[in-house]
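Taking it in order: structure first as structure tokens, then the write-up.
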Amino acid sequence: MPISTTTFKEPSESGQPQRCDLIVHNATILTIDAHDRVVAHGAFAVRDGRIAALGARERIFARYTSDTLFDANGGVVHPGFIDAHVHISQYSARSVLPLMEGTSVTMGHWKGELTPEDEYASARLATLDYLKCGYTGFVDPGTIFSPDAVAAVADEAGIRIWLTDPYVADGAEALAENLPELVSPNFLARWPRTQDEALKRLGSQLFRNRDPDSLVKAFVGLYGEATDSPELYKAAFDLAQGHGVRLQEHLGYLPAFQRKRELMLRRPLLKWFEERGFLAPHVTFVHMNLVREDEVSLLSKHGVRVVWCPWGQLQMLGQPDAQARMVELQRSGVAVGIASDIPRVADFDALGTLAMSAAAASGRPATPREILRMRTHGAAATVGAEGDLGSLELGKRADFVVRCPTTSVNFGFDPALEMAVIGGRDTVEAVFVGGRQVVDRGQVANLDAGAIVADAHRSARSLASRIGVRA
């Protein structure tokens with residue numbers, strides 16, 4: 001572990017250097033600030049979990065001193081990745097999904113059987129993999145039945161979690177009609193049955209924002225995709241605005257379903273949203289696999305943010321109504337965050353490759369630097385955390401990743417490509433959340449990996465047995 005307890009001191013202009021909790025030095029720092037500044041031979045000081053100063057190594061050591069130094073050995077340091085959208089309770093179901101094909105069993109049956117213990121096991125397994133892959137946080141869109149079970153993982157592992165109210169909707173029949181492979185009677189029985197029940201769920205998790213230093217934060221979420229009435233959307237919209245948090249919902253996953261809605265509305269869906277005042281800077285939409293050319297400026301004008309799920313988009317690109325414009329949105333000023341959704345075909349560290357592939361397949365290639373920004377600052381922005389996270393800047397929380405300089409991909413020619421697209425978990429040397437080290441030499445410090453994997457395997461086998469799935 002490259003942490004030293006020897007204090008390095010140089011005189012500052014005002015006399016003695018200021019004390020801080022940690023100094024990271026001998027690093028190539030990818031700040032991901034507004035200017036994409038890269039600081040070679042850089043360092044930064046951390047105090048009370050935030051970045052107190054950042055710049056050239058000599059300047060930082062002249063101004064600060066600490067009993068704890070971290071030598072990056074010339075490696076790249078960048079903000080921690082944030083998964084902007086993941087159904088965390090389904091993480092342990094990844095290899096079960098193919099067994100459901102051609103049967104009467106759906107993912108809805110799996111979700112309908114979830115217990116708090118199952119959700120905890122799945123979230124811990126995902127967190128183990130997240131931290132190893134250089135993630136410092138993830139966002140669940142309201143698909144946790146027992147938020148407390150998942151929230152417990154944050155302090156246990158040292159990872160940030162954003163969550164919201166479970167399955168807020170007052171029109172679940174729309175999901176059953178258009179995505180039957182996602183539903184089942186036992187699953188839908190756990191959704192709100194009426195608009196009043198849905199309204200009562202709204203805001204139930206906002207208490208988590210009272211502590212500014214909590215690792216768990218909340219926002220307002222609707223399931224979306226026509227499962228919410230205009231009245232429910234307006235209530236959620238106003239609640240989010242009043243509490244200074246974001247409103248998120250799924251929108252445009254299936255392009256054909258979006259076109260079906262538009263035929264009923266007799267206008268483009270986003271135009272319908274605009275006419276009702278439903279587009280605003282505190283709104284985030286997830287998926288958006290059908291965005292027309294003139295809608296890029298519409299989303300930009302209203303400050304709407306977008307979550308991009310590359311694998312889901314790749315699945316839709318073969319459909320006639322799909323129009324993928326994530327790179328155009330990013331370049332127009334729309335904050336775009338990259339997300340796994342349900343990581344069915346790739347691990348978390350492959351999201352950059354999936355995003356590059358999806359962008360190329362859409363005919364609008366992305367640059368590695370754009371992918372890096374979308375995995376860090378953009379992802380933070382989609383949940384309203386960009387003021388605190390997503391870049392390494394003065395005053396922001398010290399959530400960062402240190403990459404090993406001697407791995408095969410680390411040539412130093414294009415750090416964004418090497419770290420955010422090609423580089424996987426084997427390149428992660430250390431991860432810090434709020435200035436506290438949670439990964440050391442690629443291993444998660446606070447979790448018993450063997451026990452977590454075994455627990456998740458037991459949970460998944462039990463769930464599969466309960467719904468009648470056999471390997």
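The values are calculated or read from the model by the stated rules, or taken from the named source; none is laboratory data. Worth saying up front: this structure is predicted, and the values here are computed from it rather than measured. When we count neighbours, we look across all protein chains shown, and the Cβ atoms used for this are built from the backbone with ideal geometry, even at glycine. For accessibility, only protein heavy atoms count, side chains too; no ligands or nucleic acids. Shrake-Rupley method; radii C 1.70, N 1.55, O 1.52, S 1.80 Å.
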Q. Which residue, of 208, 193, is open to solvent by 10 Å² or more (accessible area, probe 1.4 Å), touching a residue at least 24 places away in the same chain (Cβ under 8 Å) and of a type in the set (Lys, Arg)?
A. 208
Q. Looking at the stretch 164-177, which of the residues that are touching a Lys or Arg at 6+ places or on another chain (Cβ under 8 Å) and touching a residue at least 40 places away in the same chain (Cβ under 8 Å) is nearest to residue 106 (Cα to Cα)?
A. 167
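Yes or no, residue by residue, for (1) in contact with a Phe, Trp or Tyr (Cβ under 6 Å, 6 or more places away or on another chain); (2) assigned to a loop (DSSP other than H, G, I, E, B):
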{"residue": "221", "(1), (2)": "no, no"}
{"residue": "234", "(1), (2)": "no, no"}
{"residue": "239", "(1), (2)": "no, no"}
{"residue": "245", "(1), (2)": "yes, yes"}
{"residue": "250", "(1), (2)": "no, no"}
{"residue": "262", "(1), (2)": "no, no"}
{"residue": "267", "(1), (2)": "no, yes"}
{"residue": "270", "(1), (2)": "no, no"}
{"residue": "274", "(1), (2)": "no, no"}
Q. Residues of the stretch 57-106 being of a type outside the set (S, T, N, Q), part of a helix (DSSP H, G or I) and farther than 24 Å from residue 306 by Cβ, which ones?
A. 57, 58, 59, 60, 61, 62, 63, 93, 97, 98, 99, 100
Q: Scan the stretch 139-150 and give yes if some residue there is touching a Gly at 6+ places or on another chain (Cβ under 8 Å), under 27 Å from residue 425 (Cβ atoms) and either without any contact (Cβ under 8 Å) to a residue 12 or more places away in the chain or open to solvent by less than 30 Å² (accessible area, probe 1.4 Å) (or both), otherwise no.
A: yes
Q.
Go through (1) open to solvent by less than 50 Å² (accessible area, probe 1.4 Å); (2) closer than 30 Å to residue 212 by Cβ for residue 451 and report which single condition fails.
A. (2)
Q. Do we have residue 307 as surrounded by 23 or more Cβ atoms within 10 Å (Cβ to Cβ) and touching a residue at least 40 places away in the same chain (Cβ under 8 Å) here?
A. yes
Q: Could you check, for the stretch 67-89, whether at least one of its residues is closer than 30 Å to residue 222 by Cβ, of a type outside the set (Val, Ile, Thr) and open to solvent by 10 Å² or more (accessible area, probe 1.4 Å)?
A: yes
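Residue by residue, here is whether (1) modelled with pLDDT of 95 or more; (2) charged (D, E, K, R) holds:
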position	(1), (2)
387	yes, no
391	yes, no
426	yes, yes
442	no, no
Q. Identify, please: which residue in the stretch 403-427 is touching a residue at least 60 places away in the same chain (Cβ under 8 Å) and of a type in the set (A, V, I, L, M) and is, among those, nearest to residue 376 (Cα to Cα)?
A. 420
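Does residue 334 satisfy the criteria of being assigned to a loop (DSSP other than H, G, I, E, B) and buried (at least 23 other Cβ atoms within 10 Å of the Cβ)?
Spelling it out, residue 334 is indeed assigned to a loop (DSSP other than H, G, I, E, B) and buried (at least 23 other Cβ atoms within 10 Å of the Cβ).
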Q: Give me a count of the residues in the stretch 211-258 that are acidic (Asp, Glu) and buried (at least 20 other Cβ atoms within 10 Å of the Cβ).
A: 3
Q. From 456, 366, 420, 385, which residue is of a type outside the set (D, E, K, R) and in contact with a Gly (Cβ under 7 Å, 6 or more places away or on another chain)?
A. 420
Q: Would you mention how many residues in the stretch 409-424 are at pLDDT 95 or above and either over 22 Å from residue 365 (Cα atoms) or charged (D, E, K, R) (or both)?
A: 2
Q | Pairs where the first residue, in the stretch 34-63, is under 30 Å from residue 330 (Cα atoms) and among the acidic types (Asp, Glu) and the second is open to solvent by 70 Å² or more (accessible area, probe 1.4 Å) and part of a helix (DSSP H, G or I), C-beta under 7 Å, 6+ apart | A | 36/369
Q: Scan the helices (runs of 4 or more DSSP H) fully inside the stretch 107-171 and keep the ones with 2 or more residues being closer than 21 Å to residue 446 by Cβ.
A: 116-132, 147-157
Q: Enumerate the pairs (first residue in the stretch 371-388 and on the phi > 0 side of the Ramachandran plot and open to solvent by 50 Å² or more (accessible area, probe 1.4 Å); second residue anywhere and of a type in the set (Asp, Glu) and part of a loop (DSSP other than H, G, I, E, B)) with beta-carbon separation below 8 Å, excluding pairs fewer than 6 apart on the same chain, so at least 6 apart or on different chains.
A: none
